[in-house]
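Everything on this sheet refers to the single structure shown next.
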Amino acid sequence: MSGAFQPAPAALRPSEGAGDSKPRPTPPALPPLPDNGVAPSPAGLIARIRAYDPAADTALVQAAFDLAADAHKLQRRENGEPYITHPLAVAEILAGYRLDVGTIVTALLHDVIEDTTVNRDQIAKKFGPQIAGLVDGVTKLTRLELQSDRTKQAENFRKLVLALSRDIRVLMVKLADRLHNMRTLAGIPKPERRQRIARETMDIYAPLAERIGMDAVKTELQTLAFATLDPEAYELIQARLNFLRGQGADVIEEVRKELIRVFHESDIPLVEVSGREKSPYSIWEKMQRRNVQFEQLSDIMAFRVVVPTREACYAALGAVHAAYPVIAGRFKDYISTPKSNGYQSLHTGVTLREPRNQKIEVQIRTPDMHAIAENGVAAHWAYKGPDSGTDAPRMRWVDDLLDILDNVGTDDLIEYTRLELYQDQVFCFTPKGQLIQLPRGATPVDFAYAVHSQVGDTCVGAKINGRLLPLRHVLQNGDQVEIMTARGGTPSPQWERFVVTGKARARIRRFVQQQQRDQYRDAGRSALARAFRADGLDGSERALEAALKPLKLASLEDLYVTVGNGNLGPRDVVTATYPQLRASARAPRIMPPLAGRATPRNGAVGQTMPISGLVPGMAVHYAGCCHPLPGDGIVGIVTTGKGVTIHTRECATLESFAATPERFIDVDWEPAAFAGGSTRGSGHTGRISVIADNDGGAIASITNAIAKQNGDVVNLRIVNRQADFMEILVDIEVSDLHQLGTVIASLRAAKCVHSVERARG
Ligand code: MN
């Protein structure tokens, strides 16, 4: 194309740029050019692209330059240069990676949407929808960048940037943009701003460059940021490096030759051996990690050994390890276990022989591995000449990435997140916009625990994107999650079935164990009280203390629990408390007076519902599927003409109302619901499922055990009878969840019972 080389500065004057018809303010005379007086030109850039891709559409590059130069013509950078020097420099960085014309054009246009009057449509008209999409993507990242307070959540922010870069070229342009801004950071007058930009570079962009394998960009970003953030440490390391360098001739070259000799002696085929000094920041990082003083600093050289094959990598490693003392803990096999960015190499550390005695790092890899290590993802977008042989084996995640890129449709923001570089993770937001990262399959309960343990423990419901949904609902990328909590709320054992995070599971399990222990304790305490009363003996706590030592128990609490869970019979405790009884004949049983214990019967019909949050006058009843009890987390479901049905929060039936969140009402138990105490049934029916021996006595023992805990059996049904076992559903009238727990604990202690669960649905 004829536009390829147009070095004449006059042709590049902004006024002759792209002829869009948008009315513009009459341009004042362009401010004077910087001292060198040369107008910026894309000639060098175009020559560079031509050199690696002779067929490149350089006219498009020229057109992009013209449009950008025109759009930015009234702007200058903070250092006084015409603004166009910046996008031009960004494009040149990317040309250094031999990237395609689309990327270069995007680089030239990357700031026009954000900073000038040019819009996406105009770019689309001139350069096509794909480039418009790329430029728009970079603009979105820039806007994201402008939001404050994100370094706190740097890791999440990095991932969000990745998730938003639906085309990886967007991210490459953004990284080159940041690199040029860091190179010209000195032009920014305010020190606080320089610090902030450097911090962000260190926390967000350098790791992102590493993540996509652009190693040289990562190193340069780190070095520049380090020099700004900690100039003192930077200077000290530079001084030490100068000292070490000054000690001899070209140490790196000498060691390199020595290594080549070592490989020759072992007949290792070599492609290349090269050496370099480590970057100041990587040295600093290592010193921090290993707590090394500057004076001890000797580990400053790294050597790269490129050999033809994978087998040769291991042979070369063997040769190095045979020739030098190996530094323990430094060998890493990234060939059999590649890093997540696809990086493969063998790493090791050895100590050079006297008199050098310096530590060196050695990286061994094949040429294919080398290409990935140097350029990462960029290697896949680079122009490959017609004679380029086989493609470097692509890392699986790069393939996945490219597949997804091909399939991305609309540019709705949520659609962007389809690019799931982190396919095993979801990103959700709190109502305040904080980003919470969770494993795929996570539920609102996981989210709540990720926000704070307390929030998890007391969570009672969740609004997802404004809709009330069940706690077992699986979260999607981009969901905004509002957790509703209730004071006094507690984790539900049911949650354990659907949570996916370890934190949530551990908290729930701990709570359930504590709750079970409480049930055992209460059951044990009342069993003991009965046993002592039956024998007419003093079963007070003071009397029981005497039994702790012979029973080898640490506390009364332990004693109650041990009795409650059936590991110790109440009679054993009686005889441990009163050893003299053991020798004598069994004390005559004296029936305890059952003073004041009228059989509790509940007749409290017409009592107001002990539930808050109801609409006065509305009919209310308890769901037959889940049998909620005071103490259970509950929600109300409104049915027109029927009133409100109270379900437990874990009731599976709620799923069927997910589409009609307006029918959910937030309800809770009144404190009065618990006031009846544990002895008096007050009209709540709990349902349990018992698996017991299939023999005649089992049902009698079960009902007996329930009655002993003051529960009233209102219904009993054998649902499954096998030769050995039967499953029985028992509806029990109890005052609350706590009492049902006591019943369950005592049933579990019964000999004929194999298991007891709360039945749901
Ligand atoms: Mn920029």
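The values are calculated or read from the model by the stated rules, or taken from the named source; none is laboratory data. Quantities reported herein were computed from a predicted structural model and do not represent experimental measurements. FYI the Cβ positions are ideal-geometry reconstructions off the backbone, even for glycines, and counts take in every protein chain you see. Surface areas here come from the heavy atoms of the whole protein model, side chains and all, with no ligands, DNA or RNA. Shrake-Rupley method; radii C 1.70, N 1.55, O 1.52, S 1.80 Å.
Quick notes on this structure:
- For Ile611, nonlocal amide neighbours, meaning residues 5 or more places apart or on other chains whose placed amide H falls under 5 Å from its own, are Glu670.
- At R0 = 60 Å, FRET efficiency that the Cβ-Cβ distance of Arg509 and Glu265 yields, to 0.05: 0.50
- Segment Glu254-Ala707, length gained on full extension (0.36 nm per residue, minus Cα span): 154.0 nm
- Cross-linked pairs Lys257/Lys278; Lys73/Lys125; Lys257/Lys339; Lys174/Lys432; Lys140/Lys190: Cα-Cα separations exceed 23 Å for Lys257/Lys339; Lys174/Lys432; Lys140/Lys190.
- Estimated vicinal HN-Hα couplings, Hz - region 533-550 in sequence order (Karplus 6.51, -1.76, 1.60; Gly, Pro = x): 5, 4, 9, x, 10, 6, x, 5, 4, 5, 5, 5, 3, 5, 7, 4, 5, x
- Gyration tensor (Cα) of region 513-557, equivalent ellipsoid semi-axes in angstrom: 19, 15, 7
- Within the shell of other residues whose beta carbon sits under 10 angstrom from the beta carbon of Asn375, the net charge comes to -1, with Lys and Arg scored +1 and Asp and Glu -1.
- Placing a label point 7 Å from the Cα of Arg290 along the Cα-to-Cβ line, the residues of region 223-246 whose backbone N sits under 18 Å from it are 237-238, 240-242, 244-245.
- For region 510-582, the fraction of 1.4 Å probe accessible surface lying on carbon and sulfur atoms is 50 percent.
- Placing a label point 7 Å from the Cα of Ser453 along the Cα-to-Cβ line, the residues of region 507-524 whose backbone N sits under 11 Å from it are 507-508, 510-511.
- Karplus-derived 3J(HN,Hα), 6.51/-1.76/1.60, for each residue of region 58-73, Hz, glycine and proline x: 6, 4, 5, 5, 4, 5, 5, 4, 4, 4, 5, 4, 5, 5, 9, 4
- Taking label points 7 Å from Cα along the Cα-to-Cβ direction, Arg571 and Ala658 give a separation of 5.4 nm.
- Net charge of Cβ neighbours under 13 Å - reference Gly456; Lys, Arg +1; Asp, Glu -1: +2
- Under-5 Å amide H pairs with Thr485, H placed in peptide plane, nonlocal only: Val460
- Computed over region 531-577, the P(r) curve from all C-alpha pair distances, binned at 10 Å from the origin, holds 28, 64, 8 percent per bin.
- Pairwise label distance in nanometres, Phe331 with Arg245, each label 7 Å out on the Cα-Cβ vector: 3.4
- Reciprocal of mean inverse Cα separation for region 684-758 (Kirkwood radius, Å): 11.9
- Scalar couplings 3J(HN,Hα) for region 75-92, obtained by applying the Karplus form with A = 6.51, B = -1.76, C = 1.60 to θ = phi - 60°, are 9, 10, 6, 5, 8, x, 6, x, 4, 4, 4, 6, x, 5, 5, 4, 4, 5 Hz; x denotes Gly and Pro.
- In region 684-758, the portion of solvent-accessible area held by carbon and sulfur atoms comes to 46 percent [1.4 Å probe, whole percent, DNA, RNA and ligands not counted].
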